[in-house]
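The next block holds one structure in the form of C-alpha cells; read it before the comments.
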Amino acid sequence: MPLLDLRTSTRTFGASSRLAAVREHAATFLRHMTPARAANILRAETARLRGRTTVRAMPFFLKVETTGVCNLDCAWCTAGRRERGEAERPIGSMSRESFDRILDETGRYLLRINLYGFGEPLLLPETFGMIREASSRNIGVAVSSNMNLHSPTLARDILDSGLELLILSCHGATPESVRRFMGGRADMRLALARTAELVRERDRRGSRYPGVHWQYCVTGFNEGEMEAARGLARETGVDAIRFIRPTYPPDAGDEWYSSLFPRRSATASDFGGRSCAWPWRGAYVNWDGGVLPCCRGELFPANDFGNVLEEPFRSIWNGPRYRECRKLIGAPGRYVPTLPVLCSTCPVLGFRPARLRDGG
C-alpha cells in the first residue's frame, strides 16, 4: 500500500483549492494532537501499511450524520425528499445521548469529526450542543451547510459552539445554476448573506475560528461561473473557495460533467489505483448509529458493518465485515469476500458500482 494514500480524498481543481485543503488539515493535526492520538495514528498507519485486518488502533477521523432531514433538494442526493422504501434507512436525527456515547468510546483518539452527512446539520438545534461537547474534548469539528437558514442568531450560535470549520455548500454563482443543482427552494443570496454575517461577527470578535470555506461542485452548466464565484467569495469574505469533483450515478446526463472533471469509467485506472485508507483511518456513522467504512451505500441499513448504539464501536471496528473489507483492499484482484461488504462494489477498488440490499 502507498505510504501517503490520498486517493479517496476530495478532488479539487486549482492550486489555491488544494493548498486551502492541505493547510486546513495540517492545522487540525497540529491543534488537536496529543501523545495518545499520535500513538494511535502510528498504530493505525502501521497496520494499514502492513495490510493487517485486525487493527490495534481506533479511527482518528469520524464522519457523523446528526440528521437526515434537509431543507433543499440537491440533485442525486440520497436524502431526496421522498418516502423511503421498506429496505431503506428512514429519515431521522441523532440524539445528544447517542452522540455522547460515540464520543465516550472514540473521542480520546479523534482529531476531527465531520458533523454532517446527507441532511442539513444546522436544522437540528442539538447540533450546536454536539459541537460544543466535541470541542470541549479537544476534537476539531467541521460542518457542511447550505446556509439556507433564517435564524437571526445563526452567526452567534455557530461562533459560541466552538466550530472549527464551516463549509458553505453552494454550487454555482447565479441563482439559476444553484437552483438547478440544489433544487427550487435554494436561495443563493440568503446563503451568501448568512455566511457574510458569520464572517463579520467572527472578525468582530477577533477570532480565527471557524474557518469558512465555500465548496463548489463543478458541473458542465456552472463551469463558466467559476470566476464570478471567486468574486462573490471575496465579497462574502470566505477564507477559501474550493472547486471540487462531484460524484454522480452512472446514469447522470452529460450536463453534469465539466471539462475539468469529465465522466470516468468504473475502473481502477480512472481512480488512481486499487487502494483505500478509510478502513484504517476513519468511519461513517449514520444518524441511527449504523457504521459504514465511508458514506457510500448509506441508504440501505443492510450495508452497515454494525450499529454503535447496540454494540461497542471497537467490536465493530475489528468485526467480521471490517476484517473482510481490509482483506479485500489488500488483495482486490485476488480475494473474494466471504461476507457481503460494500467495498466489493466500490469503483475506487476497480469494481462495478452497485448497492447491497437486504444484506446481499
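Structural remarks
- Whether segment 179-297 is rounded, prolate or oblate, judged on the alpha carbon gyration tensor where a/c under 1.5 counts as rounded: oblate
- The helix-based estimate of mean residue ellipticity at 222 nm for the chain, built from -39,500 (n - 2.57) per DSSP H run of four or more residues and divided by its residue count, is -10000 deg cm²/dmol to the nearest 500.
- Taking amide H as placed 1.01 Å from N in the peptide plane, the amide H of G92 sits under 5 Å from that of G68, V69, each at least 5 places away or on another chain.
- DSSP-defined antiparallel bridges as percent of all bridges, the chain, nearest 5: 25
- Each residue of segment 204-213 was assigned a 3J(HN,Hα) from its phi angle through the Karplus expression (A = 6.51, B = -1.76, C = 1.60, θ = phi - 60°), giving 4, 7, x, 9, 8, 10, x, x, 10, 10 Hz with x at Gly and Pro.
- Sequentially through segment 139-151, phi angles give Karplus couplings (6.51, -1.76, 1.60; θ = phi - 60°) of 10, x, 10, 10, 10, 9, 9, 7, 6, 8, 10, 9, 4 Hz, Gly and Pro residues having no value and appearing as x.
- Percent carbon-and-sulfur accessible area, segment 269-348, ignoring ligands, DNA and RNA, probe 1.4 Å: 56
- Annotation: per residue accessible area for the chain equals 44 Å², rounded to a whole number [probe 1.4 Å, protein chains only].
- Accessible carbon and sulfur surface of segment 145-218 relative to its total accessible area, %, 1.4 Å: 46
- Rounded to whole Hz, the Karplus (6.51, -1.76, 1.60) HN-Hα couplings of segment 222-231, x for glycine and proline: 10, 4, x, 9, 5, 5, 5, 5, 4, x
- Listed peptides 57-70, 147-160, 247-260 by packing density, highest first (mean Cβ within 10 Å): 57-70, 147-160, 247-260
The values are calculated or read from the model by the stated rules, or taken from the named source; none is laboratory data. As the structure is a computational prediction, the values presented were derived from the model and not from experiment. Methodologically, a virtual Cβ is constructed for each residue, glycine included, from the backbone with ideal geometry; neighbour enumeration extends over all protein chains shown. These area figures cover heavy atoms from the full protein model, side chains too; ligands, DNA and RNA do not enter into them. Shrake-Rupley method; radii C 1.70, N 1.55, O 1.52, S 1.80 Å.
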